[in-house]
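Step one of this worksheet: look at the structure below.
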Amino acid sequence: MHAFLARLGRWCARRHWVVIAAWVVLLVGLVVGNNRWGGDYVNDYTVPGSQSEKGTNVIASEFPGQTTFVGQLVFQAPAGSTVKAQQAAVDQSVANTATLPHVVSATSPFATNPPTVSPDGTIAYGNVDYDISTDALGDEYLNQLDNAVAPARAAGLTVEYGAATGQIGKGTNDAASEIVGIVVAFVLLFLIFFSVVAALIPLVSAVFSVLAALSIIGLLAAAFTFPTTGPTLATLLGLGVAIDYGLFQVARHREDLADGDYVRAAGSANGHSGMAILVAGTTVIIAMLSLYISGLPFIGALGISAALAVALTMLAALTLIPAFLGLTGRTVLAIRRFREPPPPPGVDPVTHPAHEHGAFARWGRYVSRQPWPWAIGAVAVLLVITIPLIWIDFGQLDPGTDPTSDSDRRAYDLIAEGFGPGANGPLTVVISIPPGTDPTTLVTSTQLALEQQPGVASVAPPVVNPQGNTAIINVIPTTGPRDTATTDLVHRIRDDVLPTVPATTYLTGQTASYDDFTARTVQRLPWLIFAVVILSLLLLTTAFRSLVIGIQAAVMNLLSVGAAYGVIVAVFQWGWGSSWIGVDMPLSIPAYVPMIMFAVVFGLSMDYEVFLMSRVREAYLRTRDTRRSVALGIGATARVITTAALIMIVVFISFVADPDPTIKMLAVGMAVSVLLDASIVRMILVPAILAILGDRAWWIPRWLDHILPRLDIEGEQPEAPELEGAHR
């Protein structure tokens with residue numbers, strides 16, 4: 001594989017215009033195609049096989065007029081007045097809304113029995129049913145809705161959009177975060193390369209690959225359901241990984257450019273760093289695709305989005321970057337006064353004195369001389385940071401956690417103020433009435449049983465379909481959707497009340513669905529962790545021909561992931577510094593956030609493991625001295641890995657500006673993990689553990705060595721002939 005990648009790099013460097021033109025055509029075609037045929041992003045929290053999903057399906061089947069996309073128009077009267085005083089304006093606004101596209105029906109607060117007006121008359125709401133998910137409706141539709149409710153606003157009423165209506169026009173726009181990340185990345189790249197050309201190559205490659213990935217995701221969204229956070233996660237991960245891979249490629253290319261043969265140098269970089277990119281990127285992709293172990297379409301689609309982004313960045317790193325290196329020639333070298341002198345003739349670049357005697361190499365030897373105290377201290381620090389994880393509270397976010405600048409948050413607060421917190425999360429009991437059973441008796445007895453439960457504020461009159469075989473009863477809890485008492489009520493109704501009903505029953509509704517979603521995610525999380533660790537262990541063992549290296553990498557990455565979890569709990573659940581990033585209340589941690597974080601963070605940790613250990617292994621094959629190899633590996637990679645980590649951290653942190661709390665959690669958690677991994681793990685734990693193990697670090701059972709394929713990550717095998725058609 002090393003030889004193939006080296007040939008591919010040389011071919012792309014020679015035929016650079018062909019490769020660049022192919023990428024331009026591919027990108028333009030994908031972008032145009034996405035604009036023409038791309039689909040919309042929809043959040044689907046369905047839990048296959050769950051009680052909530054079955055109940056929703058029964059409602060859709062037996063109540064054709066009912067939709068699952070229900071929104072609200074919330075009206076508030078000014079001080080000293082009531083909504084009733086402006087009933088004509090309210091009714092006109094609701095009637096206007098009913099004429100909008102995709103609206104199945106819109107009901108005035110005064111058209112229901114009883115009216116949906118607060119006891120003091122100052123707040124009222126009407127329901128709006130849609131025939132599609134409102135996540136897919138953008139700013140143009142929001143303008144139409146604003147025009148529709150203009151009579152109520154002209155009458156002095158405040159109008160806010162709640163539930164599904166509040167999701168209209170809320171598509172994420174991360175342009176500011178992307179610009180900040182790219183600009184800061186350019187500055188850091190220039191400071192390490194002292195060359196504008198060298199700094200631009202990783203950034204241009206990143207833009208190509210991320211735009212291509214987003215276009216593919218958009219096209220897939222026309223046929224499959226992708227969540228609204230899918231493009232954001234793909235951009236966040238794709239930018240960070242693409243810039244890092246480009247950085248490693250360009251850095252290795254410049255090392256090998258001493259003799260001026262930029263085609264040969266591009267091939268060498270593709271063979272060495274490119275092989276590390278292939279292994280590291282494959283690890284990330286495996287981790288992201290493992291999200292399908294959750295059994296949840298929402299999480300699986302997020303994994304596909306991120307995996308596509310990483311796959312495109314790998315393709316660009318292995319083809320487009322060598323083409324850019326071939327196009328730019330020696331201009332990727334630093335400004336003359338900042339250039340490092342080339343190695344003397346006959347000096348192996350792997351054992352270059354600059355690598356062995358630099359500051360980072362001296363640090364590696366310093367840690368190696370007293371490895372036990374350093375290893376114990378590093379592990380202790382990571383375990384202390386992990387401590388908050390013990391108290392993690394899994395839950396689900398809702399509009400009540402959005403910024404107060406959002407209409408759906410203001411609508412949520414008004415509903416809670418006027419009708420109680422439970423009105424924002426009603427529960428729906430679905431009853432399939434057996435043949436020969438009196439519907440009235442059955443639903444009335446069920447209604448009474450529900451009313452007697454602690455934590456129930458009210459129970460709406462039952463609704464029976466015309467066939468008389470299905471009934472719906474809406475239950476309003478006394479507590480809000482995120483409250484643990486509401487979760488307890490969900491379990492109590494399911495476990496104690498519904499089993500006593502002589503019929504097939506289901507508890508559904510958004511709050512119950514979220515409870516099922518959380519339970520399924522928490523149940524599957526250990527299996528995801530196990531699968532990712534085992535697959536990564538096998539991949540690293542195959543790459544480095546060492547079972548010990550694979551095991552120590554897995555254990556250290558688990559430590560860094562655990563520490564990242566601890567920080568997430570401390571910041572978002574305990575509120576430590578959360579106000580600095582725009583979060584104004586303690587939040588439960590959505591169960592899918594740790595799941596996605598584990599897949600992403602574990603994969604990214606393997607990036608630095610592969611890049612560092614490939615250089616250590618390369619040095620070990622020359623010297624057969626583990627401690628010296630550690631110093632050479634750290635000396636050759638630490639500056640680049642540190643810069644790569646800083647770039648990744650900046651890219652991740654820039655997405656804290658996203659209003660979605662889950663994106664904030666992912667951004668903070670991933671940034672902290674990269675920080676810990678590039679500092680404590682790579683600069684302390686790795687040299688300490690390798691010093692403790694010595695030559696035993698490269699041990700692998702003979703039987704395992706025979707059955708595992710050889711990836712030739714260090715280029716031990718002689719290179720194969722040139723690709724057909726290539727020439728010097």
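Taking K and R as +1 and D and E as -1, what net charge do the other residues with C-beta under 13 Å from the C-beta of residue 471 add up to?
With Lys, Arg at +1 and Asp, Glu at -1, the net is -2.
Stretched out fully, how many nm does the piece from residue 18 to residue 381 gain, at 0.36 nm a residue minus the Cα gap?
Result for the pair: 125.6 nm of gain on full extension.
Once amide H atoms are built 1.01 Å from N in the peptide plane, which residues 5 or more positions from residue 504, or in another chain, come under 5 Å H to H?
For residue 504, whose amide H was placed from the backbone, the distant partners under 5 Å are 432.
May I ask you to list the lysines whose Cα is less than 21 Å away from that of residue 170, ignoring any residue fewer than eight positions away on the same chain?
Excluding near neighbours in sequence, the set is 664.
What list do you get for 706, 357 if you sort them by fewest beta carbons within 10 Å?
In increasing order of surrounding Cβ atoms, one gets 706, 357.
What is the dipole size for the chain, taken about its Cα centre, with +1 at each Lys and Arg Cβ and -1 at each Asp and Glu Cβ, in debye to the nearest 20?
Magnitude of the dipole: close to 3100 debye.
What's the exposure ranking of 530, 69, 572, 63, going from fewest to most Cβ atoms within 10 Å?
Lowest count first: 530, 63, 69, 572.
Any idea which of 690, 453, 558 is furthest toward the positive side of the dipole for the chain, if Lys and Arg beta-carbons carry +1 and Asp and Glu beta-carbons -1?
Farthest towards the positive end: 690.
Starting from one equal scatterer on each C-alpha and no solvent at all, send me the Debye-based log10 I(q)/I(0) for region 379-442 at q = 0.15, 0.16 Å⁻¹, two decimals.
For region 379-442, the Cα-only Debye profile gives -0.75, -0.77.
What nm distance separates the two modelled labels at residue 100 and residue 474, each placed 7 Å from Cα along Cα→Cβ?
About 1.9 nm separates the two model spin labels.
Please give the net charge around residue 411, taking every other residue with its beta carbon less than 15 angstrom from that of residue 411, where Lys and Arg add +1 and Asp and Glu add -1.
That sum, taken over residues with Cβ under 15 Å, equals -4.
With 15 Å as the cut-off, how large is the P(r) tail for region 588-663, expressed as percent of Cα-Cα pairs?
Counting pairs separated by more than 15 Å, the tail of P(r) holds 67 percent.
Compute for region 51-167: radius of gyration divided by Kirkwood radius, i.e. Rg/Rh, restricted to C-alpha atoms, rounded to two decimals.
In region 51-167, Rg relative to Rh is 1.00.
Between residue 458 and residues 5 or more places away or on another chain, which pairs have amide H atoms under 5 Å apart, with H built 1.01 Å from N, and which residues are they?
Long-range HN contacts for residue 458: 476.
Using the alpha carbons of region 573-614, what is the convex hull volume per residue in cubic angstrom, as a whole number?
Enclosed volume per residue, from the Cα hull, is 96 Å³.
If r is the Cβ-Cβ distance from residue 708 to residue 357 and R0 is 45 Å, what FRET efficiency results, to the nearest 0.05?
Given R0 = 45 Å and the Cβ-Cβ separation, E is 0.80.
Short version: ³J(HN,Hα) in whole Hz for each residue of region 493-508, in order, from phi by Karplus 6.51 cos²θ - 1.76 cosθ + 1.60 (θ = phi - 60°), x for Gly and Pro, what are they?
4, 5, 8, 10, 8, 5, x, 7, 7, x, 6, 7, 10, 9, 10, 9
From largest to smallest, what semi-axes in whole angstrom does the chain give when each is the square root of 5 times an eigenvalue of its alpha carbon gyration tensor?
Working: eigenvalues 615, 151, 101 Å².
In descending order the semi-axes read 55, 28, 22 Å.
Can you work out the FRET efficiency for the pair residue 496 and residue 535, with r the C-beta to C-beta distance and R0 = 51 Å, to the nearest 0.05?
On the way: r = 42 Å, r/R0 = 0.83.
That gives a FRET efficiency of 0.75.
Trypsin sites (Lys or Arg not before Pro) within region 597-684: which are DSSP loop residues with at most 11 other Cβ atoms inside 10 Å?
624
Please give the charge dipole size of region 426-508, origin at the Cα centre, charges +1 on K and R Cβ atoms and -1 on D and E Cβ atoms. Round to the nearest 20 debye.
With only Lys, Arg, Asp and Glu charged at Cβ, the dipole is about 140 debye.
Please identify every one of the chymotrypsin sites (Phe, Trp or Tyr not before Pro) in region 199-276 that sits in a loop by DSSP and has no more than 15 other beta carbons within 10 Å of its own beta carbon.
Taking region 199-276 and a limit of 15 other Cβ atoms within 10 Å, the loop chymotrypsin sites (Phe, Trp or Tyr not before Pro) found are 224.
So if the hydrodynamic radius of region 410-543 is defined as the Kirkwood radius over C-alpha pairs, what does Stokes-Einstein give as its diffusion coefficient at 4 °C and 1.567 mPa s, in µm² per second? Present the calculation step by step, with values, prior to reporting the outcome.
Working: Rh = 16.9 Å.
Rounded, D is 76 µm²/s.
Counting other beta carbons within 10 Å of each residue's own, what order do 640, 674 fall into, fewest first?
Taking fewest neighbouring Cβ atoms as first place, the list is 640, 674.
Residue farthest toward the positive end of the dipole of region 54-201, with Cβ of Lys/Arg at +1 and Asp/Glu at -1: which of 167, 74, 123?
123
Rounded to the nearest 0.05, what FRET efficiency do residue 621 and residue 695 give with R0 = 22 Å and r taken as the Cβ-Cβ distance? Could you check?
Here the calculated transfer efficiency is 0.95.
None of the figures in this text is laboratory data; all of them are computed from the coordinates on show. Predicted model, so just to flag it, every value in this text is computed and none were measured. Ideal geometry is used to build each Cβ from the backbone, glycine not excepted, and the neighbour counts take in all protein chains shown.
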